[in-house]
1. Report, in order of residue number, the helices in the chain meeting two criteria: a C-alpha extent of 20 Å or more along the helix axis, and a mean Kyte-Doolittle hydropathy of at least 1.6; treat each whole DSSP H run as one helix.
2. Principal axis lengths of the chain from Cα atoms, whole Å, largest first?
3. Which net charge results when you count Lys and Arg as +1 and Asp and Glu as -1 among the other residues whose beta-carbon is under 14 Å from that of E115?
4. In region 80-109, which residues have a backbone nitrogen under 15 Å from the label point lying 7 Å from I177's Cα in the Cα-to-Cβ direction?
5. Within region 49-138, list the GluC sites (Glu not before Pro) lying in a DSSP loop whose Cβ has at most 15 other Cβ atoms in a 10 Å radius.
6. If the chain between V4 and A87 were fully stretched, how many nm would it gain, using 0.36 nm times the residue separation less the Cα-Cα distance?
Amino acid sequence: MITVHELSMGLTGAWRLARGDRAGLGYFDASANGAIRSFYAALVALPLATLFLGLDLANQDIDTPVAAIVLVFLLAFVLDWAAFPLAVLGLAPKMGFEDHVLRYIPALNWARVLELVVLLPAAALGAAEVGGMGAMFRLVLMMVVLVYHWFVAKAALEVTGPQAAFLVGLNLLMGFIISLWALSLIR
């Protein structure tokens with residue numbers, strides 16, 4: 001199980017990176033064990049992601065049983081957390097950042113927790129149907145999150161800006177495909 005120290009270090013590192021401070025990378029365990037243990041961030045993110053899903057589905061007319069929605073959501077959640085890091089591990093030798101990939105995975109995982117914290121207010125506005133403000137606010141925050149992920153990739157992997165942008169785009173595309181698949185199962 002995750003320790004309070006690991007939780008504190010992960011969230012502090014993610015927060016420092018969000019402020020543009022590359023020293024935030026020093027808060028993550030860049031070993032293979034550290035990369036694996038950083039997936040405990042998913043357990044921290046799960047309640048936030050569940051709330052996010054509830055807000056997203058609040059105003060939609062869905063006849064699917066709740067148990068089926070929960071099962072699909074959990075499967076999509078696990079796929080989303082695992083697919084991109086696995087892709088990065090495969091791309092690392094081809095893109096020349098294999099020496100830094102174990103530093104990137106923990107940084108990415110903890111950044112995803114912070115991402116949910118940032119996007120939740122926009123999801124709440126969207127669920128409240130505040131005259132399009134929720135959608136606009138969510139779009140702006142999503143752009144901020146994408147820039148954050150770009151910085152995390154660029155700093156942790158020591159890659160060029162375009163390489164970091166490619167990785168952020170790939171992550172976004174993979175997440176979008178997983179989300180579309182999950183939505184197709186519950187509608």
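Coordinate-derived values only; no laboratory data. Being a predicted model, the structure only gives us computed values, none of them experimental. Counting neighbours? That spans all protein chains shown, and the Cβs are built from the backbone with ideal geometry, glycine included.
1. On the way: long enough: 4-18 (21 Å, 0.45); 41-57 (24 Å, 2.04); 66-95 (42 Å, 2.10); 101-128 (40 Å, 1.38); 133-157 (35 Å, 1.70); 161-186 (37 Å, 1.73).
What comes out of the filter, once short or polar helices are dropped, is 41-57, 66-95, 133-157, 161-186.
2. The principal-axis extents, from largest down, are 48, 35, 31 Å.
3. Numbers: positive: R112, R138; negative: D80.
Computed value for this residue: +1.
4. In region 80-109, the label zone of I177 (backbone N under 15 Å from the point 7 Å along Cα→Cβ) covers 80-91.
5. Values: sites: E98, E115, E129; in loops: E98, E129.
Passing sites in region 49-138 are E98, E129.
6. On the way: separation 83, 0.36 × 83 = 29.88 nm, distance 2.93 nm.
Difference between extended and current length: 26.9 nm.
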